[in-house]
1. If you check Arg340 against the conditions, is it out of contact with any strand residue (DSSP E or B) (no Cβ under 6 Å at 6 or more places or on another chain), over 26 Å from Ala231 (Cα atoms) and either assigned by TED's automatic domain parsing to the domain that holds Asn189 or at pLDDT below 90 (or both)?
2. What is the number of the single condition among (1) closer than 26 Å to Glu459 by Cα; (2) in contact with a Gly (Cβ under 8 Å, 6 or more places away or on another chain) that Gly325 does not meet?
3. Filter the stretch 287-303 down to residues that are part of a helix (DSSP H, G or I) and exposed (fewer than 12 other Cβ atoms within 10 Å of the Cβ) and give me whichever is modelled with the highest pLDDT.
4. Can you find a residue that is of a type in the set (Asp, Glu), in the same structural domain as Asp190 (by TED's automatic domain parsing) and closer than 30 Å to Val456 by Cβ anywhere in the stretch 67-74?
5. With the stretch 68-165 as the region, which helices (runs of 4 or more DSSP H) entirely inside it contain at least 3 residues that are aliphatic (A, V, I, L, M) and at pLDDT 85 or above?
6. Would you mention how many residues in the stretch 410-446 are within 30 Å of Val356 (Cα to Cα) and either surrounded by fewer than 17 Cβ atoms within 10 Å (Cβ to Cβ) or more than 35 Å from the chain's Cα centre (by Cα) (or both)?
7. Suppose we filter Leu362, Leu386, Leu357 for residues that are touching a Leu at 6+ places or on another chain (Cβ under 8 Å) and of a type in the set (A, V, I, L, M, F, W, C); which single one remains?
8. Among the residues of the stretch 391-411, is any of a type in the set (Lys, Arg) and not in a helix (DSSP H, G or I)?
Amino acid sequence: MGLPILWLAAAAFTAGPGGGLAASMLPIALRDTGALMACVGLLAGVIGLVAAWLVTHHDFPGRAWFEWLLMLPLAIPTYLAAYCFTELLDFTGPAQTLLRTITGAATAKDYWFPQIRSFPGAVLVFSLVLYPYAYAACRAFFLMQSGTAHAAARTLGAGGWRTFLAITLPVSRPALVVGATLAMMEVVNDLGAVQYFGINSLTAIIYSTWINRSNFGGAAQLAVTIVLVIAVLILAERAARRAEARTGARESRGAARVGLTGGHAILATAACSGLLLVAFGLPIGQLLYLASRQLTVASVSMTTGPLLTTLGLALAGAIVTVTVGLFAAHRGRSRSVAARGAIRIATLGYAIPGTVLALGLLQPLGIADRWINGVTRWAFDWTPGLVLSGSVAALLYVYAIRFLAVSHSTLHEAMDRRGPSMLDAGRVLGSRGLDLFVRVDLPTLAPALAAAATLVFVEIIKELPATLLLRPLGVETLATLVYAKANTALFAEAALPALAIVLAGIVPVILATQLGARRKV
């Protein structure tokens, strides 16, 4: 991860005052990005907190199902959610068409309807997709936290909402900060949705400065600003996690759930159902509807090539990333402070936007290509061309940086659960080196390796910014196909590949749910 960040820092400081931090660019980008982050963090945090409080502190019809179903919106990438909600709520969408049919209106001037492609629309869409971050953090915190304070409040006559406001909300602030911070990191990383909604975020302006204006220095300066913003968010998230651990690790038994009856039970079920319907049901329903209408030989043929390309890239990226993650997990268990520190820094790539990583890698890889071509021309009178910057090697490099944290955390946790006894037994029986690795280490880590590979595989399928910027000429993936169609107002034609992306995104949600259930057992 150090190469792209250091290269961007050098480019930013050598670009000069005209590089991109002009008053007409950075203040607007910081204002729009900061406002979007703050609003999404607040709204997603509130939604996630209330949903987690309902399913952990109360019993009502469907609670056990909602406990994991409320994580499903996380399977929808933010750019797909933006396209789906726009198709639903735009002037030509079914919502306004139905409203005009009911009211008899002929044009948009005859009635009022909120504009979805606006800043409030972006806040709503981002919050509906990203609230599971806050939901998961708050739910885990509530399950760990002692129920003594809640029981005492109930004994003293406090009702549900008073207990929530006086005890649950203040105590759960660390978990809420963790979830909201993760949601804000996703906002900073997004490219497709902010462009579609016309928001001048830092990521969107970096893309415009680099691609449309060919101003690498200016884009580098903006990218360094994003890295600083991400660093602040990481520090806030880690501080909140430490506070959460101190607050939540008092007792393993959580608060006893209060059974809801009558209207309260109906209201709780309706709230969870409504949230799930709006955040997941409407987008997936829209995709199914559009895909069924566009299901022709031509649409299937258009999807087949990008699908095969996506699967190939995802498979290769998963193999590379899990291999590096396995090495990092082993090195991270050494006694060397330097090794553990290096691994910790390397796993921060997940928080860095793909646009920034792509920007920081393009020039170094181009220089390496020139050096390789110079050597081959001198030695063999032959030039291989863009071996690194013009091939999938650049994409695999970015994927390994971006998703190393996913594979490393999965494998590191599996090694902790396994302990050293299995390897020690193998050594006692005479196994050493490669033989120990192949016959003992890999088989005992097989489930974790499969889980890590699956998670990375799905993340690569959904990834847009880095793939969009670093893909070789003529290479199209599902994500870039959907992006291209949506930006030419032809999203309906890309409904089938978009549906494939969402269905793939459900896989890690199910895996995470099963893992959480095993931990509770």
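1. no
2. Checking Gly325 against (1) closer than 26 Å to Glu459 by Cα; (2) in contact with a Gly (Cβ under 8 Å, 6 or more places away or on another chain), the one that fails is (2).
3. Ser292
4. Step one: list which residues in the stretch 67-74 are of a type in the set (Asp, Glu), which gives 67.
Next cut, in the same structural domain as Asp190 (by TED's automatic domain parsing) only: 67.
Now restrict to residues that are closer than 30 Å to Val456 by Cβ: 67.
Yes, there is a match, as at least one residue in the stretch 67-74 is of a type in the set (Asp, Glu), in the same structural domain as Asp190 (by TED's automatic domain parsing) and closer than 30 Å to Val456 by Cβ.
5. Numbers: elements: 78-89, 94-103, 119-144, 148-155, 160-163.
Result: 78-89, 94-103, 119-144.
6. 1
7. Working: Leu386 fails: touching a Leu at 6+ places or on another chain (Cβ under 8 Å); Leu357 fails: touching a Leu at 6+ places or on another chain (Cβ under 8 Å).
Of the residues listed, the single one that is touching a Leu at 6+ places or on another chain (Cβ under 8 Å) and of a type in the set (A, V, I, L, M, F, W, C) is Leu362.
8. Of the stretch 391-411, the ones of a type in the set (Lys, Arg) are 402.
This time we only want the ones that are not in a helix (DSSP H, G or I), so: none.
No: zero hits.
The values are calculated or read from the model by the stated rules, or taken from the named source; none is laboratory data. All figures in this text were calculated on a predicted structure; none of them were measured in a lab. A quick note on method: Cβ atoms are made from the backbone with ideal geometry, for glycine too, and the neighbour counts reach across all protein chains shown.
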